[in-house]
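K.L.:
Attaching a single structure in structure tokens format; questions to follow.
The values are calculated or read from the model by the stated rules, or taken from the named source; none is laboratory data. These numbers come from a predicted model, not from an experiment. Don't worry about glycine lacking a Cβ; one is built from the backbone with ideal geometry, like all the others, and counts go over all protein chains shown. Accessible surface is based on the protein model in full, side chains and every heavy atom, while ligands, DNA and RNA are left aside. Shrake-Rupley method; radii C 1.70, N 1.55, O 1.52, S 1.80 Å.
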Amino acid sequence: MAERRSGNVQASNGKATGAGTAYTIDLNSFSKRLNKLYSHWNEHKSDLWGSVDVIAIATPPASEDLRYLKSSALSTWLLGYEFPETIMVFMKKQLHFLCSQKKASLLGVLKTSAKEAVGVDVVIHVKAKTDDGSTQMDAIFHAIQAQSIPTIGYLAKEAPEGKLLDTWSEKLKNSSIELSDITNWLSDLFSIKDSIELTNVKKAAFLTASVMKNVVVPNLENVIDEEKKVTHSSLMDDTEKAIVDPTKAKVRLRAENVDICYPPIFQSGGKFDLRPSAASNDDYLHYDPPSVIICAIGSRYNSYCSNLARTFLIDANALQSNAYGVLLKAHEAAISALRPGNKISDVYQAALSVVEKDAPELVTKLTKSAGTGIGLEFRESGLSINAKNDRVLKQGMVFNVSLGFQNLQSPVNNPKNQDFSLLLADTIIISEKPEVVTSLSSKAVKDIAYSFNEEGDDNEGEERPKAKAESLGPETLSKTTLRSDNQEISKEELRRQHQAELARQKNEETARRLAGGGSAAGDNRAASKNSSDLIAYKNVNDVPPPRDCMIQIDQKNEAILLPIYGSLVPFHVATVRTVSSQQDTNRTCYIRIIFNVPGTAFNPHDANSLKFQGSIYLKEVSFRSKDPRHISEVVQGIKTLRRQVVARESERAERATLVTQEKLQLAGNKFKPIKLFDLWIRPPFGGRGRKLPGTLEAHVNGFRFSTSRPDERVDIMYGNIKHAFFQPVENEMITLIHFHLHNHIMVGTKKTKDVQFYVEVMDVVQTLGSGKRSAYDPDEIEEEQRERDRKNKVNMDFQSFVNRVNDLWGQPQFSGLDLEFDQPLRELGFHGVPYKSSAFIVPTSSCLVELIETPFLVITLAEIEIVNLERVGLGQKNFDMTIVFKDFKRDVLRIDSIPSTSIDGIREWLDTTDIKYYESRLNLNWRQILKTITDDPQSFIDDGGWEFLNMEASDSDSERSEESDQGYEPSDVQSESESSSDSDSESLVESEDDEEDDSEEEFEEEEGKTWEELEREASNADREKGVESDSEEERKRRKTKAFGKGRAPPPGSRASGGSAAKRPLPRSRPFSGSSSFKRPKNK
């Protein structure tokens, strides 16, 4: 940053600068602006210029301080660069430069352009490095005195700096020539920007607004959500780093072209200063309600400034909210008054009028100025927006409209909340309609007002579980605790009722999100419990009654109940540090739970240990069981619940947009990097050469994978990892470590979000001998033993690497990332077709993954809105799973051809993970459904939300909702009367529904017929109606047409209209791809 402030400022043409780099002056821009300077001089010589005949400008030496000088601004405006220690003298026929040899070589190209533009001769005087330039100055004064009685215009307010300027100032004052200050003239010259200048202002404003939106606001939200102690000065440093490195704010601007206008300002806790010269102090950010936080940032692009200020309200009281509403209205009125032809005083008067009308008691608190002109200088003199400035606004001017209330008093007890101020600032370009170039950062009340006081929500949350407990009775969280048939029935009933409760919660959450009152983060948006107040149950009556003396998990109260001495003892899940299981040779399973104990490594004394200093803490507990399935489910349940509690507040929609690939910090003297050798990477590096294995190393802030080739290297930052998986070899051929990332990275020439490192434990292709080998062949037995040994060794190496990395991630500096290697739960897996080929899909505690076949499948459970199981019905050999995400703009994900034998396990897994699922007999057109929902969300909410998918609704409910469901039809559907008259367009399920309207006697008669009789009757009916039997090719053609332009139906899968490749009931009617949301009637 020092280089950018030392005078080597970027050219407006964007050429790279710096030591050793060739400077290039844009001659076209120089000619236009030199012509503008002389034209303005000639036009306003008497009124603005003070009738000067010569203009003398001297630029000071380079400095690392942030400063705005007219001399430097003129140099940058005219030449594209700030030329330090240079004297420029403008005369009617000549243009003199006094500078060093290096600058003279750059200025030599101006001679032809100056002559052609305004007819002046460029004269360059070169001084030696150790010379004070007196001889060259005498030559310049001789040329000046050649004019008759000249008057020299200069910048009277700029004090000379350095030997050269001191000498020049002394000669200028000792001469007999009359002097006149031209500061106001330069302000008027700079006030109207050309197209290049306006582009620079817009880029600067875009950077400023992006930093506010993508860096400042998320940082503040994170600090407040997690109740961190962060100083104003540290926030200032982080924001300044984001400005000088635009990639941190997701802005594609070259870093050498940008700089800050001033150190970012963060103020809170009753100490406020609305002046631009204010500074961020070392006090902690204060956000205890009701509080006010002011943030002001400014950035420069090619030396052109922009400014933005926002006020954030934390649980604001009525006085603060009303004052901000008045300020926002006054600020908008001032911006609206910035139109060509108006006086600057009219702008301030427009804001003042709003305050006088809506809140006259705040008039005395209003700032005396509403901003200034902005450009090469942060505050352009002569363009201050106040009640006395009668300058006329012109198109092309740029203003920083900054308005605020200062020294307001709030009637609260906390002294840090009593005094507060409010400030709003935006950068505006004047045109027929004022252009707010910093509008990317919202200042609407809904975007700056935060409410973290959730006492009312907590009370509601206490009542709901109680009511739910009464309706459900004893909760069942483990399948193996239910043994008898009667208990199996109650388990199914509990799952049904739990799904009904999830449906209610999901519809409420979706309604809030669509109405703009919620977030896409989902169910986990509730405020997490403070680490200093871990309460599983407020009293003993809230503890669920014990069923068996087994480990139980209470999802609602975020607790685990452990059997200790014959009683179930509750522990809040946040007290659990790790949970693991293992199995010995006697098939006896052990579960080990380690708790967070204050004072141990990575667990310093917190508020709990200080509050209960004399308490004894349970460090570890182990249990033994003969049921491995129950142990596996308990481990999964505890890990899932713990992850939800830890990540609940930190989960934000699309955290990928907040993570940027930073530079890898290699492990040095602190610790040796953790290494894993002889790995292969997917996706592989490009190139024609032979693929080489490499080494994965864990460093300070990320992983590095490299091979022996210098160009084959991949860095993965810890902050960019969204999910990490470890999958040991079992039925596959490889052991792998997989990273699913927030942001894409490049692996060779491939852009990917999934990076995998693996080892082939067994050969994928084996040579088969011609003869059949005996099972007792010693060579065969020895080869199998070698394979087992290699598999165990590879798994142990990977497990050791994973454990060491988990220990590294457990350190305090990585606590905000919430990283831990997750392991797929194979016993819950199922086969399906997520893309083009069948694969074994496995759940983990936080995801649904398939990591063997490419492309990889990684679905974050927290991002799922609902799951719809399609083509579910009697006689079906397989069904499809459609996953709808909370982001309705994201396409749904379909997993086709799942065996029907897996449906019970999938239902139970979805219910255990609190995911609402529905079942339907048809494949629905989800793209059209989601488009309809987003186009008219209110109708979707009014019609019951997702309940149109509910197959278990009663017949009366189906009839009542039939009309409302028509608004969400995935394709054009005929009316009921038309469809009844046109049997050729009926689908299989619709014909079954119509048959259900017949009498019970007819249904019972048909129920006794064989498949051959039913097929023969359907064929005869079609012949009577004149419909001939379709050929197989015709049916395939209609089937493909019914699918539309989407993907073709996979083998064995069902088309969107509900037909299947293998139907339980053959029929010869033409297939129709249309489908509606009519609920199928229960038989």
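K.L.:
If you scan the stretch 879-896, which residues turn out to be open to solvent by 30 Å² or more (accessible area, probe 1.4 Å) and either small (Gly, Ala, Ser) or over 30 Å from the mean Cα position of the chain (by Cα) (or both)?
P.N.:
none
K.L.:
Only one of these conditions is not met by residue 150: (1) in contact with a helix residue (DSSP H, G or I) (Cβ under 7 Å, 6 or more places away or on another chain); (2) modelled with pLDDT under 90; (3) under 22 Å from residue 62 (Cβ atoms). Which number is it?
P.N.:
(3)
K.L.:
I'd like to verify a number: residues in the stretch 660-692 that are at pLDDT below 90 and more than 31 Å from the chain's Cα centre (by Cα), how many?
P.N.:
Number satisfying all stated conditions: 11.
K.L.:
Another question, then. Sort out which residues of the stretch 313-325 are touching a residue at least 40 places away in the same chain (Cβ under 8 Å), open to solvent by 10 Å² or more (accessible area, probe 1.4 Å) and of a type outside the set (D, E, K, R), and write them in order of number. Working first, answer last.
P.N.:
First pass over the stretch 313-325, keeping only residues touching a residue at least 40 places away in the same chain (Cβ under 8 Å): 313-317, 319-321, 323-325.
Keeping just the survivors that are open to solvent by 10 Å² or more (accessible area, probe 1.4 Å) gives 315-317, 319, 321, 325.
Across the stretch 313-325, the qualifying residues are 316, 317, 319, 321, 325.
K.L.:
Another one. Scan the stretch 882-901 residue by residue and report those that are in contact with a helix residue (DSSP H, G or I) (Cβ under 8 Å, 6 or more places away or on another chain), closer than 22 Å to residue 644 by Cβ and in a strand (DSSP E or B).
P.N.:
884, 885
K.L.:
Does at least one position in the stretch 337-358 carry a residue that is closer than 28 Å to residue 260 by Cβ, open to solvent by 10 Å² or more (accessible area, probe 1.4 Å) and of a type outside the set (Ser, Thr, Tyr)?
P.N.:
So far as the stretch 337-358 goes, no, none of its residues is closer than 28 Å to residue 260 by Cβ, open to solvent by 10 Å² or more (accessible area, probe 1.4 Å) and of a type outside the set (Ser, Thr, Tyr).
K.L.:
One residue is enough: does the stretch 350-364 have a residue meeting the conditions outside any helix (DSSP H, G or I) and within 40 Å of the chain's Cα centre (by Cα)? Outline the logic, then answer.
P.N.:
The first filter runs over the stretch 350-364 and keeps only residues outside any helix (DSSP H, G or I), leaving 359.
Retained after the next criterion (residues that are within 40 Å of the chain's Cα centre (by Cα)): 359.
Yes, there is a match, as at least one residue in the stretch 350-364 is outside any helix (DSSP H, G or I) and within 40 Å of the chain's Cα centre (by Cα).
K.L.:
Which one of 46, 100 is open to solvent by 40 Å² or more (accessible area, probe 1.4 Å) and small (Gly, Ala, Ser)?
P.N.:
46
K.L.:
Taking the condition of being in contact (Cβ under 8 Å) with a residue 40 or more places away in the chain and open to solvent by 50 Å² or more (accessible area, probe 1.4 Å), how many residues in the stretch 113-146 meet it?
P.N.:
Total satisfying the criteria: 1.
K.L.:
Out of the residues in the stretch 492-512 meeting the condition of being of a type in the set (Gly, Ala, Ser) and closer than 12 Å to residue 916 by Cα, tell me which one is farthest from the chain's Cα centre (by Cα).
P.N.:
500
K.L.:
Now for a different question. Which of the residues spanning the stretch 361-405 are surrounded by fewer than 17 Cβ atoms within 10 Å (Cβ to Cβ), touching an Asp or Glu at 6+ places or on another chain (Cβ under 9 Å) and farther than 16 Å from residue 339 by Cα?
P.N.:
363
K.L.:
Within the stretch 254-276, how many residues turn out to be out of contact with any Leu (no Cβ under 9 Å at 6 or more places or on another chain), over 29 Å from residue 321 (Cβ atoms) and either open to solvent by 20 Å² or more (accessible area, probe 1.4 Å) or in a strand (DSSP E or B) (or both)?
P.N.:
Here the count works out to 3.
K.L.:
Now, a different point. Answer yes or no as to whether residue 17 is at pLDDT 90 or above, under 27 Å from residue 298 (Cβ atoms) and hydroxyl-bearing (Ser, Thr, Tyr).
P.N.:
When the stated conditions are applied, residue 17 does not pass them.
K.L.:
Let me ask something additional. Looking at residue 861 and the list (1) more than 21 Å from residue 673 (Cβ to Cβ); (2) loosely packed, with under 13 Cβ neighbours inside 10 Å; (3) among the aliphatic types (A, V, I, L, M), which single condition is not satisfied?
P.N.:
Checking residue 861 against (1) more than 21 Å from residue 673 (Cβ to Cβ); (2) loosely packed, with under 13 Cβ neighbours inside 10 Å; (3) among the aliphatic types (A, V, I, L, M), the one that fails is (2).
K.L.:
Additional query: Please indicate, with yes or no, whether at least one residue in the stretch 912-928 is under 31 Å from the mean Cα position of the chain (by Cα) and surrounded by fewer than 18 Cβ atoms within 10 Å (Cβ to Cβ). Spell out the reasoning first.
P.N.:
First, the residues of the stretch 912-928 that are under 31 Å from the mean Cα position of the chain (by Cα): 912-918, 924-928.
Then keep just the ones that are surrounded by fewer than 18 Cβ atoms within 10 Å (Cβ to Cβ); that gives 927-928.
Looking for residues that are under 31 Å from the mean Cα position of the chain (by Cα) and surrounded by fewer than 18 Cβ atoms within 10 Å (Cβ to Cβ), one finds at least one in the stretch 912-928, hence yes.
K.L.:
Is the stretch 614-621 home to any residue that is basic (Lys, Arg), modelled with pLDDT of 80 or more and open to solvent by 90 Å² or more (accessible area, probe 1.4 Å)?
P.N.:
Yes, the conditions are met somewhere in the stretch 614-621.
K.L.:
With respect to residue 62, determine if the residue is part of a strand (DSSP E or B), more than 19 Å from residue 26 (Cβ to Cβ) and open to solvent by 10 Å² or more (accessible area, probe 1.4 Å).
P.N.:
No; evaluated as a whole, the condition is false for this residue.
K.L.:
Something else now. Does residue 85 satisfy the criteria of being among the acidic types (Asp, Glu) and under 19 Å from residue 36 (Cβ atoms)? Show your work before the answer.
P.N.:
Numbers: among the acidic types (Asp, Glu): yes; under 19 Å from residue 36 (Cβ atoms): no.
No: the conditions fail for residue 85.
K.L.:
Name every residue in the stretch 326-346 that is in contact (Cβ under 8 Å) with a residue 60 or more places away in the chain and not in a helix (DSSP H, G or I), in order of residue number.
P.N.:
The answer is 338, 339, 340.
K.L.:
Could you figure out which of (1) more than 29 Å from residue 64 (Cβ to Cβ); (2) under 52 Å from the mean Cα position of the chain (by Cα) isn't true of residue 93?
P.N.:
Condition not satisfied by residue 93: (2).
K.L.:
I need every pair where a residue in the stretch 185-203 that is at pLDDT below 95 has its Cβ under 7 Å from the Cβ of a residue that is open to solvent by less than 60 Å² (accessible area, probe 1.4 Å) and assigned to a helix (DSSP H, G or I), sequence separation at least 6 or different chains.
P.N.:
Final answer for the pair search is 186/70; 186/74; 189/37; 189/40; 190/73; 190/77; 193/201; 196/29.
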